[in-house]
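Novice: If you scroll down you'll find the structure; I have some questions about it.
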Amino acid sequence: MNYLTKLAITLFLYLAFQTPCFAGDKPEMFSYRIKNIYQHDVDAYTQGLVYDNGVLYEGTGLNEKSTLRMVELESGTVLQYHELAPEYFGEGVTIFGDRIIQLTWKANTGFYYDKASFILIEQFFYPTEGWGLTTDGKRLIMSDGSDVIRFLHPETFEEMSNINISDDKGPVSKLNELEYINGEIYANVWPTDRIAKINPLTGNVTAWIDLSGLLKPEDRSERIDALNGIAYDAQNNRLFVTGKHWPKLFEIELVKESE
């Protein structure tokens, strides 16, 4: 092997390890159309949201104020309510069978509740922070604020696999509230007005949804915080979104932006 060949190989290896390579096509871009607007409790610091059998299940955060709720969609009325112990900062929620599962932020602790009664069945533990939670019907899908999404066993909470999330520009982190919709993971990206649609096999962001301007200036106050909360009514193909301390919850239709 001559000097020039060795130099070419050395340069190739250097560039391969120094220059990040991100797979996947450029994500599609979507905006939105508002279809319906519902009342939302401004005291709810929304961290998790699920639609199931005609009602919403909502997990809220903040120490000494974290809750699990069942909420009537049409009125925003809280139908059922459970307060977390004051040391817990509530995070994502999902429904698996007859149980509700709720994460907490930094306590490395999650809770299984009976779905009908909200009675606590058991606690479980995990090594990361807890942010968002959803399910594909077989596994739990969890975010921890990084660019990693983890797939967990629904009974033992042991990690089965994970994926790194990226778009055509690089890693995508701050993945927050999650929802599994028609084979893709939808993720709020904190603290933006964007939702990422993610391929659960590759981790590639297939689309960005821009929800800028969803909450009008007249609805904003000092308490208003980031967009957070995605719920899907699979039977009627309805997509709902809201935010932390938002006074409204929106049913939206996605609109693909022209290139």
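Novice: Go through segment 103-135 and count every residue that is open to solvent by less than 40 Å² (accessible area, probe 1.4 Å), assigned to a loop (DSSP other than H, G, I, E, B) and under 28 Å from Asn199 (Cα atoms).
Specialist: Residues in segment 103-135 being open to solvent by less than 40 Å² (accessible area, probe 1.4 Å), assigned to a loop (DSSP other than H, G, I, E, B) and under 28 Å from Asn199 (Cα atoms): 5 in total.
Novice: Do you know which of the residues in segment 152-189 that are hydrophobic (A, V, I, L, M, F, W, C), in a strand (DSSP E or B) and in contact with a Pro (Cβ under 8 Å, 6 or more places away or on another chain) is surrounded by the fewest Cβ atoms within 10 Å (Cβ to Cβ)?
Specialist: Ile163
Novice: Just to be sure I understand, how many residues within segment 214-259 are within 21 Å of Ile95 (Cα to Cα) and at pLDDT below 95?
Specialist: 0
Novice: What is the number of the single condition among (1) acidic (Asp, Glu); (2) free of Cβ contacts under 8 Å to residues at least 60 places away in the same chain; (3) open to solvent by less than 10 Å² (accessible area, probe 1.4 Å) that Asp219 does not meet?
Specialist: Exception for Asp219: condition (3).
The values are calculated or read from the model by the stated rules, or taken from the named source; none is laboratory data. From a predicted model like this one, the values you see are computed outputs, not experimental measurements. Note that we place each Cβ from the backbone using ideal geometry, even for glycine, and neighbour counts take in every protein chain shown. Heads up: the accessible areas ignore ligands, DNA and RNA and are worked out on the full protein's heavy atoms, side chains in. Shrake-Rupley method; radii C 1.70, N 1.55, O 1.52, S 1.80 Å.
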